[in-house]
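Scroll down for the structure; my scribbles are underneath it.
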Amino acid sequence: MNDTLKVLETRRSCRNFKPDMVSEDDLKAIVRAGTYAATGMGKQSPLIIAVTDKTMRDEISEANRKIGGWDEGFDPFYGAPVILIVLAKKDIPTHVYDGSLVMGNLMNAAESLGVNSIWIHRAKEEFESDFGKNILAKLGISDKYEGIGHCALGYAAEPVKDPAPRKDNYVYYI
């Protein structure tokens with residue numbers, strides 16, 4: 001089996017990260033892979049916000065926790081030291097699909113480099129709030145973007161689970 005197919009079959013979500021920071025080279029390679037995701041009509045509607053600053057990471061985690069309705073102290077990013085937030089331009093009809101493909105590229109690129117990941121939702125709600133709008137304003141982003149997802153990155157504190165068996169009737173051929 002080639003390396004690409006192996007990554008696609010073995011990548012699993014991590015729900016317990018070590019605090020160790022992802023290397024700058026690996027992070028740049030992962031982000032770059034995200035920028036090469038297919039997009040509708042090649043419009044490249046998504047953007048990626050790479051969060052490595054612990055204070056900002058913790059603020060985003062707290063906003064996400066509140067949206068999710070979890071108790072104080074819960075970290076919806078499971079301790080991951082890096083959060084890659086994917087947003088996509090709302091006025092592009094394929095923006096949700098485009099951003100989803102970016103998320104897939106980010107997670108698969110991470111796996112290929114030995115970095116663990118998980119897709120965390122509620123980015124849409126975050127960036128519809130004043131909290132998210134302020135982040136965009138501070139970055140000088142004025143167009144209308146929709147939050148697609150957070151790709152939490154880091155190194156697993158424990159082995160990730162084995163893949164579940166594939167369901168019957170997953171594929172139909174004509």
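The values are calculated or read from the model by the stated rules, or taken from the named source; none is laboratory data. Keep in mind that this is a model prediction, so the values were computed, not measured. Note that we place each Cβ from the backbone using ideal geometry, even for glycine, and neighbour counts take in every protein chain shown. What goes into the accessible areas is simple: the full protein's heavy atoms, side chains included, and nothing from ligands, DNA or RNA. Shrake-Rupley method; radii C 1.70, N 1.55, O 1.52, S 1.80 Å.
Rolling a 1.4 angstrom probe over the protein heavy atoms, how many square angstrom per residue are accessible across the chain? Each step should come with its number before you reach the end.
On the way: 10430 Å² over 174 residues.
Solvent-accessible surface per residue comes out at 60 Å².
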Give the span of the chain's Cα atoms along each principal axis, as three whole-Å numbers ordered largest to smallest. 46, 40, 33
Output for segment 97-168: GluC sites (Glu not before Pro) sitting in coil per DSSP, at most 14 other Cβ within 10 Å, listed by number, reads none
So which trypsin sites (Lys or Arg not before Pro) in segment 95-154 end up in coil per DSSP with only 14 or fewer other C-beta atoms within 10 Å? Lys144
I want to verify a result. In a Gaussian network model of the chain, Cα cutoff 10 Å, which of these has the top mean-square fluctuation: Tyr78, Tyr155, Tyr36? Tyr36
Count the lysine pairs in the chain whose Cα atoms lie under 20 Å apart, taking only pairs 8 or more positions apart in sequence or on different chains. 26
Give the carbon-plus-sulfur fraction of the accessible surface of the chain in %, rounded to a whole number; probe 1.4 Å, heavy atoms of protein chains only. 51
Highest-MSF residue in the chain out of Ala110, Ala80, Ala157 [GNM, Cα springs under 10 Å]: Ala157
Who wins for biggest fluctuation among Thr55, Thr39, Thr94 in a Gaussian network model of the chain, springs between alpha carbons below 10 Å? Thr55
Run lengths n ≥ 4 of DSSP H only: what is the helix-derived mean residue ellipticity at 222 nm for the chain, with -39500 (n - 2.57) per run over all residues, to the nearest 500? -12000 deg cm²/dmol
Selection from Phe74, His121, Ala164 lying farthest towards where the dipole of the chain points positive, charges on Cβ: Ala164
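Sort Trp70, Trp119 from largest to smallest accessible area, using a 1.4 Å probe on the heavy atoms of the protein chains.
Descending accessible area places them as Trp70, Trp119.
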Just to confirm the filter: which GluC sites (Glu not before Pro) across segment 27-102 are DSSP coil and have at most 13 other Cβ within 10 angstrom of their Cβ? Glu72
